[in-house]
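For reference, the structure is listed below as structure tokens.
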Amino acid sequence: MGVLLKKGPGFMFTGIAKLGIAAFVVAFASALVNTVWAIYIDSFVHSTVIVGMVSTFLTFIAFCSYFISIPIIEKYNKVKIFTNSILLTIPLYILVAFTKQFYLFLALAFVITILFTLRITSFGIIVKDRSRKGNLAKDEGLLYSFMNLSWVIAPLIGGYVASVTGTQFVFLFAALFLFLGFIVFKIVNIKDGHVKKKLDTNALKNFIDFFKSKDRVFAFVLGGGVIMWFTLIYLFMPLYIIREGLDKLWIGYFLFAVSVPLIFTEYKLSKIASKTGFRKMFIIGFIFVAIISTICFFVNSIYVILGLLVLASFGMAMIEPTSEAYFFDVLKKGNASRFYGPYNTRADVMGLIARILSTIVLVFLPFKFLFILFALFMVVMVFFSVKMKDMIESD
């Protein structure tokens, strides 16, 4: 309980626990939207391939914004960036709920994507700055447990709301929870005084300098491996569930179940990784997921496939929280504001690769061949895990 509570005049929540509470509420809004995002785009275009193309476009926008926004992250208070990005996203979610035009939706999604990159980058640096030396992996594990708890509950609610009242109402609920997240973050009163006077405004130089370090490249690829897997889970599996004739409620059930193993194991596994090193955890996790994905290819029952993918989450629990801690551990002191944004483009670059190759597969082959594709992705991650620099945070 020490990671949650500290002694004072009585007991009080630690700074990381306060961040976890705020992260839970904000992540709840994101989880609501992600539950219906693919099928909402599909309601406009009625094509799995075009859904993949739209997601690819938004991924490219996010990639660019991570680099362009580096001076903003360096110059301004991270807490203000985080809270302002939340406030600006709220009305955009409301507009998305009522739009009937595809191109208007695309424009709104464009702005939402940019604000999301600012929110993710600022929050990650806040967490890093508030973690004590040697505790980052454990703190990241705790934070991800809070956030994944929201990913357990929100898909059930999002799937139910989408099934009963319509997909657009999910965005209204998400706007409400973003507002609640803003209130909670203000109440926990997190402070940030880390700003830079000398700004790195050259986006191209930032890009080149980031990839000069082999350790940063490995952290980038391995963290991206997690994103690749969840591209299958959150983008393509909801479409597969609908195409197989199941009700939208099954999307909620599935995404709920996928997050359960993450909640119960991520913190414990991140503590083990901090003591024994990251390499073994990465290798075992990626091998496990690759095996599960391969088995899914040979299974015909949609229900068995969903169950196997839930089981694969135990492998992801070994990797998800520790991948970010690994990046900060190999990063030189003082470079977080400059390089954490570029590191976050792993979601866009690796997600883009997953979307493009998945779209190509779907053009020529049945959906089930995606399981072989993602198994191959995980095998590539095993190769990088073997070659990575191992890190041990604490004894």
Discussion item. Which condition from (1) out of contact with any Gly (no Cβ under 6 Å at 6 or more places or on another chain); (2) within 24 Å of GLY124 (Cβ to Cβ) is the one that GLY315 breaks?
Written reply: (1)
Response to the item:
Of the conditions (1) of a type outside the set (D, E, K, R); (2) touching a Phe, Trp or Tyr at 6+ places or on another chain (Cβ under 7 Å); (3) surrounded by fewer than 22 Cβ atoms within 10 Å (Cβ to Cβ); (4) within 17 Å of VAL36 (Cα to Cα), the single one that ALA174 does not satisfy is (3)
Worksheet item: Do we have any residue at all in segment 1-18 that's modelled with pLDDT of 75 or more, in contact with a Ser or Thr (Cβ under 9 Å, 6 or more places away or on another chain) and either more than 26 Å from LEU255 (Cα to Cα) or crowded, with 21+ Cβ neighbours inside 10 Å (or both)?
Response: no
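State whether the residues of segment 261-272 include one that is among the basic types (Lys, Arg) and farther than 28 Å from LEU357 by Cβ.
Yes, because at least one residue in segment 261-272 is among the basic types (Lys, Arg) and farther than 28 Å from LEU357 by Cβ.
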Practice prompt. Just one of (1) modelled with pLDDT of 95 or more; (2) closer than 17 Å to PRO261 by Cα trips up MET281, so point out which.
Written response: (1)
Discussion item. Would you confirm whether or not segment 209-232 contains a residue that is of a type in the set (Asp, Glu), farther than 30 Å from VAL386 by Cα and at pLDDT 80 or above?
Written reply: no
Discussion item. Exactly one condition in (1) more than 23 Å from the chain's Cα centre (by Cα); (2) in a helix (DSSP H, G or I) is false for ASN300; which is it?
Written reply: (2)
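Could you pull out the residue among ALA257, ALA273, ALA312 that is surrounded by 24 or more Cβ atoms within 10 Å (Cβ to Cβ), small (Gly, Ala, Ser) and farther than 22 Å from VAL217 by Cα?
It is ALA312.
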Discussion item. For segment 281-307, give me the residue count where each residue is free of Cβ contacts under 8 Å to residues at least 12 places away in the same chain and either under 16 Å from VAL221 (Cβ atoms) or among the charged types (D, E, K, R) (or both).
Written reply: 0
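Determine, yes or no, whether ARG243 is touching a Ser or Thr at 6+ places or on another chain (Cβ under 9 Å) and closer than 20 Å to TRP37 by Cβ.
yes
When segment 337-364 is examined, which residues are found to be hydrophobic (A, V, I, L, M, F, W, C) and within 13 Å of MET228 (Cα to Cα)?
ALA347, VAL349, MET350, LEU352, ILE353, ALA354, ILE356, LEU357
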Worksheet, complete the sentence: Reported set for segment 157-171 where residues are touching a residue at least 60 places away in the same chain (Cβ under 8 Å) and surrounded by fewer than 19 Cβ atoms within 10 Å (Cβ to Cβ) is ILE157, TYR160, SER163, GLN168, PHE169
Discussion item. Report every pair of residues separated by at least 6 positions or lying on different chains whose Cβ atoms are under 9 Å apart, first residue within segment 229-258 and under 21 Å from VAL164 (Cα atoms), second modelled with pLDDT under 85 and not in a helix (DSSP H, G or I).
Written reply: PRO238/LYS248; ILE241/ASP247; ILE241/LYS248; ILE242/LYS248; LYS248/THR167
Worksheet item: Just a yes or no: is a residue in segment 98-115 β-branched (Val, Ile, Thr), touching a Lys or Arg at 6+ places or on another chain (Cβ under 9 Å) and at pLDDT 85 or above?
Response: no
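The values are calculated or read from the model by the stated rules, or taken from the named source; none is laboratory data. Since the structure is predicted, the reported quantities are computational estimates derived from the model, not experimental observations. Cβ: placed from backbone, ideal geometry, glycine included. Neighbour counts: every protein chain shown.
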